[in-house]
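What follows is a single structure, written as structure tokens, with notes after it.
The values are calculated or read from the model by the stated rules, or taken from the named source; none is laboratory data. The model shown is predicted, which means the values in this text are computed figures rather than measured ones. So basically every Cβ, Gly included, is an ideal-geometry build from the backbone, and we count neighbours across all protein chains shown.
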Amino acid sequence: MPPPFRLLALDSIDSTNDEARRQADAGAGHGLVIMAAEQTAGRGRRGRQWVSPRGNLHCSLLLQPGRPLAEAAQLSFAAGLSLAEALEGLCPGVRFQCKWPNDVLCEGRKIAGMLLETVGQGDHLILGLGVDVVAAPDPALYPAISLREAGSEVSAEEVLSAFVARFSHWFTLWQSQGFAPLREAWLAKAKGLGEEVVVRLDKESVTGIFAGLDSAGGLMLDVANNGGRRLILAGDVFFPVR
């Protein structure tokens, strides 16, 4: 782990995010990385279950952003970009892309997800990361892939080491320069930029062209049928099958 990151490796735990919260309550500070071989109660965005078999990467980072809490969600872009870059280095010839707001795709299928949570009054954050290294969920549930299926023999430990190295870079740059350089680099790896996407919201689905990110990370959508530009702050993005 590059300083100040340090690793706490566990065998089986309910959730690495929950353990990170317990560690924070006990006084642990910025840079603690918790990795578990297995999670029994892993979760993703919106409380969804995250299946966590042995061999996949399950980890959480305890972070002190040093920037206003309103900007903290931008770290999910740092995490996605860092993981895509790390996996590119570990798996030459395999294509990795970022999917708004916080997924990473491998050859067009989901291989990783992130979960960002606050601790206490928001002075610390927990960044949870799950990567399908050796096994992916049932493809009948959603298009997913593992690194093994993509032809890579890397381990969860190798993925974590490469990820933390890249995340350390982007986290430091974000602290000093804000979102702009991170936004530019993330968009260069974005799936669907300039193309038609469907965004599923709580009460509706909206179709339009993915026009980019605003200065805070919101998705800018040029709505179909001259519906104007709409800023999406939360939702799930889908790509129409051609």
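Do any residues in region 126-145 that are surrounded by fewer than 19 Cβ atoms within 10 Å (Cβ to Cβ) have Cβ atoms under 6 Å from those of residues that are at pLDDT below 85, where the two are at least six apart or on different chains, and which pairs are they?
Within 6 Å, the pairs are Ala135/Pro53; Pro137/Val51.
Anything in region 8-23 that is farther than 17 Å from Asn56 by Cα and in contact (Cβ under 8 Å) with a residue 12 or more places away in the chain? List them, or say none.
Initially, region 8-23 is screened for residues farther than 17 Å from Asn56 by Cα, giving 18-23.
Across region 8-23, the qualifying residues are Asp18, Glu19, Ala20, Arg21, Gln23.
Of the residues Pro53, Pro65, only one is farther than 22 Å from Asp11 by Cβ and modelled with pLDDT under 95; which?
Working: Pro53 fails: farther than 22 Å from Asp11 by Cβ.
Of the residues listed, the single one that is farther than 22 Å from Asp11 by Cβ and modelled with pLDDT under 95 is Pro65.
Quick test of your reading of the structure: Val133 fulfils all but one of (1) modelled with pLDDT of 95 or more; (2) over 16 Å from the mean Cα position of the chain (by Cα); (3) closer than 16 Å to Leu105 by Cβ; (4) aliphatic (A, V, I, L, M). Name the failing condition by number.
All conditions are met except number (2).
Hey, does region 198-211 have a residue that's in a loop (DSSP other than H, G, I, E, B), over 15 Å from the mean Cα position of the chain (by Cα) and buried (at least 21 other Cβ atoms within 10 Å of the Cβ)? Full working, then the answer.
The initial filter retains those residues of region 198-211 that are in a loop (DSSP other than H, G, I, E, B), namely 201-204.
If we keep only those that are over 15 Å from the mean Cα position of the chain (by Cα) too, we end up with 201-204.
Now narrow it down to the ones that are buried (at least 21 other Cβ atoms within 10 Å of the Cβ): none.
No - not one qualifying residue is present in region 198-211.
Out of all the residues in region 52-66, is one or more under 24 Å from Phe239 (Cα atoms) and not acidic (Asp, Glu)? Please lay out each step first, then the result.
Taking region 52-66 first, the residues under 24 Å from Phe239 (Cα atoms) are none.
Looking for residues that are under 24 Å from Phe239 (Cα atoms) and not acidic (Asp, Glu), one finds none in region 52-66, hence no.
Out of (1) of a type outside the set (Lys, Arg); (2) outside any helix (DSSP H, G or I); (3) closer than 27 Å to Arg22 by Cα, what's the single condition that is false for Gln97?
Going through the list (1) of a type outside the set (Lys, Arg); (2) outside any helix (DSSP H, G or I); (3) closer than 27 Å to Arg22 by Cα, Gln97 breaks only (3).
Residue by residue, here is whether (1) in a strand (DSSP E or B); (2) of a type in the set (D, E, K, R) holds:
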residue	(1), (2)
Glu71	no, yes
Ser76	no, no
Pro101	no, no
Val104	yes, no
Leu115	yes, no
